[in-house]
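Structure first, then comments.
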Amino acid sequence: MLRNKLIYVSGPYTNGDVASNVRNAALAGIEIMAIGASPYIPHLSHFIHYLMPHSYETWMEVDLAIIIKCDALLRLSGHSPGGDREVTHAKNLGLPVF
């Protein structure tokens, strides 16, 4: 059902250990690939942010714009105000949220 679909990975980034959060999102992306879908992992923007920092709201604007292009959103567990905003945005667009 999700084969050849673009799945946005949403979840904690700044809450808790950033490295662990990036790792968890990447692992979720690997699982998405295993079912034949393509992940978009915004957590990997961490490396761009390291080179050229941007504000939280700038990153949220980018992420919300990308969600429009996705077929579904996977919300990882854990406290994440940004993740909650992403889920609301996806639902408003009529995207399935897992």
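The values are calculated or read from the model by the stated rules, or taken from the named source; none is laboratory data. These numbers come from a predicted model, not from an experiment. No Cβ is skipped: glycine too gets one built from the backbone with ideal geometry, and neighbour counts run over all protein chains shown. Side chains included, ligands, DNA and RNA excluded: accessible areas come from the protein's heavy atoms. Shrake-Rupley method; radii C 1.70, N 1.55, O 1.52, S 1.80 Å.
Quick one: how many residues across segment 79-98 are part of a loop (DSSP other than H, G, I, E, B) and under 19 Å from Asn21 (Cβ atoms)? Explain how you work it out, then say what you get.
The first filter runs over segment 79-98 and keeps only residues part of a loop (DSSP other than H, G, I, E, B), leaving 79-80, 93-96, 98.
Within this subset, residues satisfying the condition of being under 19 Å from Asn21 (Cβ atoms) are 79-80, 98.
Number of matching residues: 3.
Across segment 62-98, which residue is farthest from Asn15 (Cα to Cα) among those that are in contact (Cβ under 8 Å) with a residue 60 or more places away in the chain and of a type in the set (S, T, N, Q)?
Looking at the filtered set, the residue picked out is Ser77.
With the structure loaded, tell me whether Glu86 is crowded, with 18+ Cβ neighbours inside 10 Å and of a type outside the set (A, V, I, L, M) or whether it fails that test.
Working: crowded, with 18+ Cβ neighbours inside 10 Å: yes; of a type outside the set (A, V, I, L, M): yes.
For Glu86, the condition - crowded, with 18+ Cβ neighbours inside 10 Å and of a type outside the set (A, V, I, L, M) - is met.
Looking at segment 46-78, which of the residues that are within 10 Å of the chain's Cα centre (by Cα) and in a helix (DSSP H, G or I) is nearest to Ser20 (Cα to Cα)? Break it down into steps so the answer makes sense when it comes.
Step one: of segment 46-78, the residues within 10 Å of the chain's Cα centre (by Cα) are 63-64, 66-67, 73-76.
From what's left, in a helix (DSSP H, G or I): 63-64, 66-67.
Working: Asp63: 20, Leu64: 23, Ile66: 23, Ile67: 23 Å.
Looking at residues that are within 10 Å of the chain's Cα centre (by Cα) and in a helix (DSSP H, G or I), I get Asp63.
Only residues in segment 45-61 that are farther than 17 Å from Pro12 by Cβ count as the first member; pair them with residues that are assigned to a helix (DSSP H, G or I), Cβ under 9 angstrom, at least 6 apart or cross-chain, and list the lot.
From segment 45-61, the pairs are Phe47/Val22; His54/Ser45; His54/Ile48; His54/Val62.
Give segment 3-34 a look and list any residue that's modelled with pLDDT under 95 and open to solvent by 80 Å² or more (accessible area, probe 1.4 Å), or say none.
Those that are modelled with pLDDT under 95 and open to solvent by 80 Å² or more (accessible area, probe 1.4 Å): Arg3, Asn4, Thr14, Asp17.
Which of the residues belonging to segment 62-83 are surrounded by 12 or more Cβ atoms within 10 Å (Cβ to Cβ) and farther than 13 Å from Leu6 by Cβ?
Quick first cut of segment 62-83, residues surrounded by 12 or more Cβ atoms within 10 Å (Cβ to Cβ) only: 62-64, 66-67, 70-76, 78, 80-83.
The answer is Val62, Asp63, Leu64, Arg75, Leu76, Gly78, Ser80, Pro81, Gly82, Gly83.
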